[in-house]
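A short write-up of the structure that comes next.
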């Protein structure tokens, strides 16, 4: 299998968050790879990764970082591939990472999901890939239908909850 998505994190301490993206890609049967690379501690390796990703068959990069959160933007500055940033809640409730990722200069876009929003990053990556893949599009449709079904069931279950002054 050749990976088409790269999940990059600043350190393995981000893995508990990023597993949600990996799990979704796995569920959708999208080949992916995972690496720990740091914009500050391993900048040469980040450059090699970013500049070589497209030639290796990567189509979307999901990059996660906390605190100063430069990893996503540094990768985006060195590739034309779409980069999805996941701000990690490591300090300041993740707001520092969110602002660092979302405030990219013109010409260096990074699609940004919510703090610790790795699942949404995985979903967005699959949505990007599905533009040219009808089978993947069908899997996404089924996934989103399942989300609807869960909410309808939850609402039905909620109707069974009783309180003296509950009217429905």
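Please check: in the Gaussian network model of the chain (C-alpha springs, under 10 Å), which one of 62, 101, 115 has the largest mean-square fluctuation.
In the Gaussian network model the winner is 115.
Rounded to the nearest 500, what is the chain's calculated 222 nm mean residue ellipticity when only DSSP H runs of at least 4 contribute -39500 (n - 2.57) each, over all residues? Walk me through the numbers before you get to the answer.
Numbers: 6 runs with 77 residues, N = 168.
Calculated from helices alone, the mean residue ellipticity at 222 nm is -14500 deg cm²/dmol.
Which of rounded, prolate or oblate describes segment 82-131 when judged by the alpha-carbon gyration tensor and an a/c cut-off of 1.5?
The shape class here is oblate.
Could you work out which residue, out of 93, 133, 157, moves most in a Gaussian network model of the chain, that is, has the largest mean-square fluctuation with Cα springs under 10 Å?
157
Just to check, using Stokes-Einstein with a Kirkwood Rh over alpha carbon pairs, what's the diffusion coefficient of the chain at 10 °C and 1.306 mPa s in µm²/s?
Stokes-Einstein gives a translational diffusion coefficient of 94 µm²/s.
Percent antiparallel among DSSP beta bridges with both residues in the chain, to the nearest 5?
So the antiparallel bridges amount to about 0 percent of the total.
Would you work out the relative contact order for segment 27-100, in percent, from Cα pairs under 8 angstrom that are 6 or more residues apart?
Relative contact order for segment 27-100 comes out at 28 percent.
Could you state the angle between the C-alpha long axis of helix 134-159 and the longest principal axis of the C-alpha atoms of the chain, as a value from 0 to 90 degrees rounded to the nearest 10?
40 degrees
Taking the chain as a Gaussian network, where each spring joins two C-alpha atoms under 10 Å apart, which residue of 16, 43, 106 fluctuates the most?
Of 16, 43, 106, the Gaussian network model singles out 106 as fluctuating most.
Relative contact order of segment 48-156, please, whole-number percent, based on alpha carbon pairs below 8 angstrom and at least 6 residues apart.
Rounded, it is 22 percent for segment 48-156.
Taken together, the values in this text are just the output of simple stated rules run on the coordinates, not laboratory data. A quick note: this is a predicted structure, and the numbers were derived from the prediction, not measured.
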